[in-house]
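The structure under discussion appears below in the form of structure tokens.
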Amino acid sequence: MTNSLLDLKFLTRVQLEKVFFLAREIKRAPLKPEFLGQTAALLFFEPSTRTRLSFESACVRAGLGPLVFQGGAGTSMEKGESLEDTLMNVAAMKPAVIVLRAGDDFHLSQVARELSMPILNAGWGRYGHPTQALLDLFTIHERKSLEGLKILFVGDIAHSRVAASHFEILPLFNAQVGICGPESLLPKESNFRKFSTLREGLSWADAVVCLRYQLERHDSGGKDLKQEIRQSYAFTKEMLPKLPKDTLILHPGPVNQSVEMDAEVYRDERSLILDQVSHGVWLREALLRLLLKGDWV
Ligand code: NCD
């Protein structure tokens, strides 16, 4: 279905500028609800806090009634109904849009072809999380130019759908990408600049995106990995004094403060982690408005 957002592979600069422009307008002052009487189905078959609630908030602000499905508890999935059947039944209620989060084995592109309403990917296994990458870039763009940006990803890059979506769109700005993390959690092949220590990477980067270790997606977890992360790749408070004043610190959340980042880093004045959350609402609202009006070309 056209008007869907499944990934960022073919996103153009014009589309990006349109959504950033509208998100900035919304940030400045709320817009009138445009879609009163219509609904948006928010189907989350994997856990979520920020993404689900920010989509819910964005829907309400745009005038869309959110129909929220979170996990299977209390639903007919407990009686054995499949994810696909659940989705088809919700689609039969004719929401104006479906926002969907599901695991690796879900056939997102096929489902999007079969349904008549726009589908928004709100996190698909390890493949992509396009709205998160967009809101991260919007957050950076509020402070710095994205052109030629040096952006460092730290942590479990191989399993991060957030990083995967960034890698699809960053070439649009000729951004330089740095990576840093345990060898087993780095992409197997890439032209990215590899830093063996976080300190080294931090002295190079304009912005650093810390990532959670996706221990639910692989079994290379355990005590040894956690120790390796703490020793070599955790963003600790000792690194703050040497960090340049204008380096931006981001994390899509949820943050495991005792693992990849210290609480002091989370709360540092260079940290934009809670700005990312606010921007998630404006950006998603802008996206919904543009997509539903067929205005995002
Ligand atoms: C991320 C996700 O679910 O992919 N979080 C988010 O949506 N804000 C990152 C994560 O789970 O680590």
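Computed from Cα atoms, the angle from the helix 13-28 axis to the main principal axis of the chain rounds to 90 degrees.
As a ratio to 2.2 N^0.38 Å, the alpha-carbon radius of gyration computed for the chain takes the value 1.00.
Working note: 222 nm ellipticity from helices only, DSSP H runs with n ≥ 4, each -39,500 (n - 2.57), summed and divided by the residues of the chain, gives -10500 deg cm²/dmol to the nearest 500. Panel note: the C-alpha atoms of region 16-62, placed on their principal axes, show extents of 31, 26, 17 Å (largest first). Summary of packing: across the peptides 289-296, 205-212, the per-residue average of other C-beta atoms within 10 Å ranks them, highest first, as 205-212, 289-296.
Which whole-number percent is the relative contact order of region 114-232 (Cα, under 8 Å, 6+ apart)?
On the way: 169 pairs, mean separation 32.2, N = 119.
Value for region 114-232: 27 percent.
Placing unit charges on C-beta atoms (Lys and Arg positive, Asp and Glu negative, everything else neutral), compute the dipole magnitude of the chain about its Cα centre in debye, rounded to 20. Spell out each step's value before the answer.
Numbers: 36 positive and 36 negative charges, 151 e Å.
Using Cβ point charges on Lys, Arg, Asp and Glu, the chain gives about 720 debye.
Our Cα-only numbers for region 1-40 put the radius of gyration and Dmax at 13.0, 33 Å.
In order along region 146-155, the phi-based Karplus estimate (6.51 cos²θ - 1.76 cosθ + 1.60, θ = phi - 60°) of 3J(HN,Hα) comes to 7, 5, x, 4, 9, 10, 10, 9, 10, x Hz; Gly and Pro are listed as x. Scaling the Cα radius of gyration of region 1-81 by the globular reference 2.2 N^0.38 Å produces a ratio of 1.33. Distant-in-sequence amide contacts of Lys194, defined by a placed amide H-H separation under 5 Å and a gap of 5 or more residues or a different chain, comprise Ile179.
Are there GluC sites (Glu not before Pro) in region 204-272 that DSSP puts in a loop and that have at most 12 other Cβ atoms within 10 Å, and which ones? Numbers along the way, then the final one.
Numbers: sites: Glu216, Glu228, Glu238, Glu260, Glu264, Glu269; in loops: Glu216, Glu260, Glu269.
Qualifying residues, ordered by number: Glu216, Glu269.
In summary, the convex hull built on the alpha carbon positions of region 224-276 has an orientation-averaged projected area of 3.7 nm². For region 183-297, a/c is not less than 1.5, where a ≥ b ≥ c are the root eigenvalues of the C-alpha gyration tensor, and a/b tops b/c. That puts it in the prolate class. Among the GluC sites (Glu not before Pro) found in region 88-150, those both in a DSSP coil and sparsely packed, with 14 or fewer other Cβ atoms within 10 Å of their Cβ, are Glu147. Placing unit charges on the Cβ atoms of the charged side chains and taking the dipole of the chain about its Cα centre, the candidate lying farthest along the positive direction among Asn3, Leu137, Asn121 is Leu137. For region 118-267, a crude dipole built from +1 on the beta carbon of Lys and Arg and -1 on the beta carbon of Asp and Glu, taken about the Cα centre, is about 140 debye to the nearest 20. Taking amide H as placed 1.01 Å from N in the peptide plane, the amide H of Phe35 sits under 5 Å from that of Gly63, Leu64, each at least 5 places away or on another chain.
Mean sequence separation of contacting Cα pairs (under 8 Å, at least six apart), scaled by the length of region 18-162, corresponds to a relative contact order of 21 percent. Sorting Glu78, Glu84 from the fewest to the most surrounding beta carbons within 10 angstrom yields Glu78, Glu84. Short-range pairs are left out: with C-alpha atoms under 8 Å and at least six residues apart, the relative contact order of the chain is 22 percent.
Close amide H contacts of Val97 (hydrogens built in the peptide plane, cut-off under 5 Å, sequence separation of 5 or more or a different chain): Ala41.
Here Lys242 is the anchor, and the lysines within straight C-alpha reach of less than 30 Å, apart from those fewer than 8 places off in the same chain, are Lys144, Lys150, Lys194, Lys223, Lys226.
I'd like the antiparallel share, as a percent to the nearest 5, of DSSP beta bridges with both residues in the chain. Display every interim value, and only then the final one.
Values: 1 of 34 bridges.
The antiparallel proportion sits near 5 percent.
Here's the picture: charge each Lys and Arg Cβ at +1 and each Asp and Glu Cβ at -1 in the chain, and of Leu87, Pro33, Val277 the one pushed furthest to the positive end of that dipole is Pro33.
A short reminder: the numbers here are calculations on the coordinates, not readings from a lab. None of the values given here were measured: they were computed from a predicted structure. No Cβ is skipped: glycine too gets one built from the backbone with ideal geometry, and neighbour counts run over all protein chains shown.
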